[in-house]
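Heads up: the structure comes next, in C-alpha cells.
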Amino acid sequence: MARKKADVSPEEMDMPFEEAMKRLEEVVQRLEEGDIPLEESIHLYQEGVTLSRICGQKLEAIEAKITQLVEEDGQVKQKAFRLEGEA
C-alpha cells in the first residue's frame, strides 16, 4: 500500500528536529547552487519535502504541549497556548 504524501514514517519521525532542520538547510543550499544533475535534483527535492514534513509535524506536536502561564485575579494559572488569530 502506498503512503499518502503527508505521511512520515515512524522511522523518519525518530530523527531529532535539529538534525532534520540542519539536513533540510543543506538540501536547500545544494538545490540553490543549481549545478547538479536532474535526477539528483529530484532526489534532493523529495528528501527536502520529507524533512520539511518531519519538522512541521514535530513543531505541531510541541505547540500542542505548550502552555502559557497567565495571571488572572491575582493567581497564576495555566492556559493552552494559542497563536494570535487562532480560535
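Throughout, read-outs are computed from the coordinates displayed, never taken from laboratory work. Keep in mind that this is a model prediction, so the values were computed, not measured. Ideal geometry is used to build each Cβ from the backbone, glycine not excepted, and the neighbour counts take in all protein chains shown.
Just from its helices, what would the mean residue ellipticity at 222 nm be for the chain, if runs of 4 or more DSSP H residues each count -39500 (n - 2.57) and the sum is divided by every residue, rounded to the nearest 500 deg cm²/dmol?
-18500 deg cm²/dmol
Grab the beta carbon distance between Ser52 and Lys77, set R0 = 22 Å, and tell me the FRET efficiency rounded to 0.05.
0.05
Rounded to the nearest 0.05, what FRET efficiency do His43 and Lys65 give with R0 = 41 Å and r taken as the Cβ-Cβ distance? Could you check?
0.75
Within 10 Å of each residue's Cβ, count the other Cβ atoms and sort Asp14, Asp73 from fewest upward.
On the way: Asp14 9, Asp73 5.
Ordered by Cβ neighbours within 10 Å, fewest first: Asp73, Asp14.
Order by neighbour count: Val28, Val70, Val8, fewest other Cβ atoms within 10 Å first, most last.
Details: Val28 15, Val70 10, Val8 19.
With the sparsest Cβ surroundings first, the list reads Val70, Val28, Val8.
Would you list which aspartates and glutamates come within 13 Å of Lys22, measuring only between C-alpha atoms, while excluding same-chain residues fewer than 8 positions from it?
Glu47
In which sequence would Thr67, Thr50 go, from the one with the fewest C-beta neighbours within 10 Å to the one with the most?
Listing Thr67, Thr50 from fewest to most nearby Cβ atoms yields Thr67, Thr50.
Quick check: the angle from helix 17-33's long axis to the longest principal axis of the chain, C-alpha only, nearest 10 degrees?
The two axes meet at around 40 degrees.
Given labels modelled 7 Å from the Cα in the Cβ direction, how far is it in nm from Gln29 to Ser9?
With each label point 7 Å from Cα toward Cβ, the separation is 2.7 nm.
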